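The values are calculated or read from the model by the stated rules, or taken from the named source; none is laboratory data. Values in this document were obtained by computation on a predicted structure and should not be read as measured data. Cβ: placed from backbone, ideal geometry, glycine included. Neighbour counts: every protein chain shown.
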Amino acid sequence: MTIQYPVTRRDDSVSDTFKSAAGPAKVVNDPYRWLEEPSSDETKAWVEQQNKVTTEYLSKDGDLTKRLESELMERINFAKFGWTRRRGDRLFFDKNPGLANQSIIYMADANDPSKEAVLLDPNQFSTDGTWSLSSMSISRSGKLVAYGYSKGGSDWVTLKVLRVPDVIGGPVEILEDTIEWVKFSYPEFDEKEQGFLYARFPENKQLSADEKGTETDSNINQKMYYHRIGEQQSQDTLVYQSTTNPEYLFGGNFTNDNKYLMVHISKDCNPESNLSIITNWNQVIYDKTETEFKEIKLITNFNASYNYLHNVDGKFWFHTNLNAPMNRVITIDLPAKEGDALNITEVIKEREYLNQYAHYTSQKLYVVFLRDVQDVVEVFELHGKLIRPLPLPAPGCIGSLGGLHDSPHIYFSFESFTYPKTSFYLNTNDDVMSVFREPNIKNFVPTDYECKQEFYQSKDGTKIPMFVVHKKNFVANGQAPVFLTAYGGFEYPYSPAFSLNLIFFVDKFNGAFVVANIRGGGEYGKKWHDAGRLKNKQNSYDDIAAGVEYLFEKKYTSADKLTINGGSNGGLMVAACTNQRPELFGCCIADVGVFDMLRFQKFTIGRHWVSDYGCSDEPEQFDTLIKYSPLHNVNANKKYPHVLLVTGDHDDRVIPAHSYKYISELQYQRGNKPDQTDPLLILVDVQAGHGAGKPLSKRVHEFCTKLTFISIATKSKPN
């Protein structure tokens, strides 16, 4: 099928000059700079033309997308549960009863969970389901809930407050409190429930409500405030800011004894942070006997991560990577005065495998380890003595342990690639676990599937883990369609979570899906992360290439049957690997990817990714970035496989211009070459952002659109 791509205007007069550590300064052209203006008429027309070309191409397979949507919708029409929290005799939980666009927040009687009622239904926020619940904080008594919602997939959040009814099913009161310009912050109630902490950016008076999420301005000058219930946002108390470092972000939490406020200060996406302790919160906010906050700057050099667990008076327990790349638990005594040497004591020492996080409750520490990308949970006394391991139902991963520090009730989820997400209850009095809620999925029998963890060698000899999931009757003859995905960034571990979408792919294509745990992620702690970031970023892409060759060697698939897909940093991975080794893939789908590695830091929150990627303003880092930046490394002399970029017009995390510019360069360099018989396409979703909060209907449609593209690309007809 011959494709007539839209003519994309090039402005060859636009360029930047970068200093290089390897030689003279380099001039780099940027002919599509105009596509960085998302609201311009020219950009909007370009998007419309590109979407038309993509839609027409996908229609060559008739109504396949609609058929797949119908089947997948039927498969996912079951009650799906997420988190559960207990406050007194009330349970709060989210549930999608079937096919709702957004999960609904319920409350129930803890002694009889069948007695439940809707507390907050985000599906009522908008008629098309594109407004979503983005954050939620329940006060200690369970009488107040602060929640945040976003529009069209944007990271911008509006905070509201509701009063919980005294009886289940009673009327819910939405208070007048409204907080705007919040991003990357979650409300934190104080002990007396007079208000909550949050952080916000300065108001952008030139940005209308409808334009939120389409802007590209850098997000700087965040400040932390305290909002008192019933007051206007303009009356909120400024708690913390940095006048010298406008890029810093702030988070706060109150200590378990309510004596102190912990302020966490981050400068980028690394877990290392500074830490301050406000010692007179009660005197300023409640007693009003003092007017200024007293701060002890405990950590000032971003030397490690410090996740607060508990304190007894001036002794604080932290989960940290201080001198421990696999993490450990320590205590730090509050110094008599700022600047004194810190008294640090080890409580749970570092192991050879990752200590992911710890949760304090009932005078015990519940620690979740990650051993070869599978969770292990152990219970310790407060001073570090092992009490017992907690047996999990199968190899897999658990969700966050949810419970108050002095409550015996913990709720958490467990899942794996073949074990659907199931809710469990744990009583800390005896540490006995029991199933709380489990899903009932139509036409899914877990024992029909097999999940294998395999290890392969990368280019430099490093052993890389990989999960392969398929039906038990799978035949490894090199002809099966395979869906490969990975992330490899920001110390994020790609743990074995259940995905009915990927199971659906396995079923429809008689194939397999593969997750490669490449370097740059957090599967093996800080060293694994460091091995795939900054000057080592190429290791991530070498890991993918080696993994693909391993799949070929083991005859799982072949190049013409292999699809690679990833989102955000994973989208970067897809594009970089496609540029470098296009012959390895039959189909490449990159979602909301970072593709312009020379300018990403100039937009919205991009400055914080410098910790993983580096910055083109630094000569040595420029020399690294220019070698793999997808926009600047399109291979004009090699045939590309089927390429589809997917982005959203309200993505204010990775702005859509990354995708706009990269596909333009792909089409310019390869679109009219005689050997380029496979399409180079982009699909721009309207009223959609980076992915969080996307309505169920949009998510299903997008995935089934990808399946149609895969079907065409790999010549594999779904059954």
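Mind checking whether some residue in segment 433-451 is at pLDDT 95 or above, within 22 Å of CYS577 (Cβ to Cβ), aromatic (Phe, Trp, Tyr) and surrounded by 15 or more Cβ atoms within 10 Å (Cβ to Cβ)? Within segment 433-451, none of the residues are at pLDDT 95 or above, within 22 Å of CYS577 (Cβ to Cβ), aromatic (Phe, Trp, Tyr) and surrounded by 15 or more Cβ atoms within 10 Å (Cβ to Cβ). The set of residues in segment 553-607 that are of a type in the set (Ser, Thr, Tyr) and within 21 Å of the chain's Cα centre (by Cα) comprises SER568, THR604. Among the residues of segment 206-220, are any surrounded by 17 or more Cβ atoms within 10 Å (Cβ to Cβ), touching a Leu at 6+ places or on another chain (Cβ under 7 Å), touching a residue at least 24 places away in the same chain (Cβ under 8 Å) and not acidic (Asp, Glu)? No, because not a single residue in segment 206-220 is surrounded by 17 or more Cβ atoms within 10 Å (Cβ to Cβ), touching a Leu at 6+ places or on another chain (Cβ under 7 Å), touching a residue at least 24 places away in the same chain (Cβ under 8 Å) and not acidic (Asp, Glu).
Here THR54 fulfils each of the conditions (1) free of Cβ contacts under 8 Å to residues at least 12 places away in the same chain; (2) among the β-branched types (Val, Ile, Thr); (3) in the same structural domain as LEU631 (by TED's automatic domain parsing) apart from (1). Residue count for segment 131-152, restricted to those that are crowded, with 18+ Cβ neighbours inside 10 Å, within 21 Å of the chain's Cα centre (by Cα) and farther than 18 Å from LYS698 by Cβ: 4. The residue that is farthest from the chain's Cα centre (by Cα), counting only those in segment 676-690 that are among the hydrophobic types (A, V, I, L, M, F, W, C) and part of a loop (DSSP other than H, G, I, E, B), is VAL686. Inside segment 513-537, residues that are out of contact with any Pro (no Cβ under 7 Å at 6 or more places or on another chain), of a type outside the set (Gly, Ala, Ser) and part of a loop (DSSP other than H, G, I, E, B) make up a count of 5. Taking every residue in segment 1-30 that is within 30 Å of THR677 (Cβ to Cβ) and free of Cβ contacts under 8 Å to residues at least 60 places away in the same chain and pairing it with any residue that is β-branched (Val, Ile, Thr) and assigned to a loop (DSSP other than H, G, I, E, B), at least 6 positions away or on another chain, the pairs with Cβ-Cβ distances below 8 Å are ASN29/VAL14.
Looking only at residues that are of a type outside the set (A, V, I, L, M) and touching a Leu at 6+ places or on another chain (Cβ under 8 Å) in segment 228-261, which one is surrounded by the most Cβ atoms within 10 Å (Cβ to Cβ)? This residue is GLY252.
One residue stands out among those in segment 113-130 that are assigned to a strand (DSSP E or B) and touching a residue at least 12 places away in the same chain (Cβ under 8 Å): the one that is nearest to the chain's Cα centre (by Cα), which is LEU120. Residues considered: ASP89, ASP155, ASP109. Of these, the only one that is crowded, with 21+ Cβ neighbours inside 10 Å and in contact (Cβ under 8 Å) with a residue 12 or more places away in the chain is ASP155.
Taken as a whole, the condition of being out of contact with any His (no Cβ under 7 Å at 6 or more places or on another chain) and over 30 Å from ILE441 (Cβ atoms) does not apply to ARG75.
Quick check on SER407: is it part of a loop (DSSP other than H, G, I, E, B) and either within 28 Å of the chain's Cα centre (by Cα) or not assigned by TED's automatic domain parsing to the domain that holds SER141 (or both)? In short, yes. Restricting TYR366, TYR411 to those that are touching a Ser or Thr at 6+ places or on another chain (Cβ under 7 Å) and either within 21 Å of PHE467 (Cα to Cα) or crowded, with 17+ Cβ neighbours inside 10 Å (or both) reduces the list to TYR411.
What number of residues in segment 454-502 are aliphatic (A, V, I, L, M) and either touching a His at 6+ places or on another chain (Cβ under 7 Å) or under 17 Å from LEU370 (Cα atoms) (or both)? Outline the logic, then answer.
The initial filter retains those residues of segment 454-502 that are aliphatic (A, V, I, L, M), namely 464, 466, 468-469, 475-476, 480, 482, 484, 486, 497, 500, 502.
Keeping just the survivors that are either touching a His at 6+ places or on another chain (Cβ under 7 Å) or under 17 Å from LEU370 (Cα atoms) (or both) gives 464, 466, 497.
Adding up the residues that qualify gives 3.
Filtered by the rule that a residue be in a strand (DSSP E or B) and either surrounded by fewer than 22 Cβ atoms within 10 Å (Cβ to Cβ) or not assigned by TED's automatic domain parsing to the domain that holds GLY521 (or both), segment 573-594 gives no residues.
Residue-wise test of (1) surrounded by fewer than 21 Cβ atoms within 10 Å (Cβ to Cβ); (2) within 25 Å of GLY606 (Cα to Cα); (3) touching a residue at least 12 places away in the same chain (Cβ under 8 Å).
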| residue | (1), (2), (3) |
| --- | --- |
| LEU625 | no, yes, yes |
| ASN637 | yes, no, no |
| GLY648 | no, yes, yes |
| SER664 | no, yes, yes |
| GLN667 | no, no, yes |
| CYS704 | no, no, yes |
| THR714 | no, no, yes |
| ASN719 | yes, no, yes |
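Based on this model, can you work out whether GLY570 counts as assigned to a helix (DSSP H, G or I), out of contact with any helix residue (DSSP H, G or I) (no Cβ under 6 Å at 6 or more places or on another chain) and closer than 21 Å to GLU702 by Cα? So GLY570 passes the test.
Can you confirm whether TRP34 is buried (at least 18 other Cβ atoms within 10 Å of the Cβ), in the same structural domain as ASP623 (by TED's automatic domain parsing) and more than 28 Å from the chain's Cα centre (by Cα)? Walk me through it before giving the result.
Numbers: buried (at least 18 other Cβ atoms within 10 Å of the Cβ): yes; in the same structural domain as ASP623 (by TED's automatic domain parsing): no; more than 28 Å from the chain's Cα centre (by Cα): yes.
Here the answer is no, as TRP34 does not meet what is asked.
Filter segment 111-132 for residues that are hydrophobic (A, V, I, L, M, F, W, C) and modelled with pLDDT under 95; which is nearest to GLY689 (Cα to Cα)? Ranking the candidates gives TRP131 first. If ALA146 meets every condition in (1) modelled with pLDDT under 95; (2) within 20 Å of SER132 (Cβ to Cβ); (3) among the small types (Gly, Ala, Ser) apart from one, which number is that one? Of everything listed in (1) modelled with pLDDT under 95; (2) within 20 Å of SER132 (Cβ to Cβ); (3) among the small types (Gly, Ala, Ser), ALA146 misses just condition (1).
Selection within segment 454-506: residues that are within 27 Å of VAL610 (Cα to Cα) and hydroxyl-bearing (Ser, Thr, Tyr). The member of this set that is surrounded by the most Cβ atoms within 10 Å (Cβ to Cβ) is TYR487. When each of GLN233, GLN222 is tested for being more than 29 Å from GLY521 (Cβ to Cβ) and in contact with a Ser or Thr (Cβ under 8 Å, 6 or more places away or on another chain), the lone residue that passes is GLN233.
Taken together, VAL594, VAL574 contain a single residue that is in contact (Cβ under 8 Å) with a residue 12 or more places away in the chain, within 27 Å of SER218 (Cβ to Cβ) and in contact with a His (Cβ under 7 Å, 6 or more places away or on another chain), which is VAL594.
Taken together, the residues in segment 131-168 that are of a type in the set (Ser, Thr, Tyr) and assigned to a loop (DSSP other than H, G, I, E, B) amount to 3.
Of the numbered criteria (1) in contact (Cβ under 8 Å) with a residue 40 or more places away in the chain; (2) of a type outside the set (D, E, K, R); (3) on the phi > 0 side of the Ramachandran plot, the one SER150 fails is (3).
Restricting attention to segment 494-512, the residues that are in a helix (DSSP H, G or I) and among the polar types (S, T, N, Q) add up to 1.
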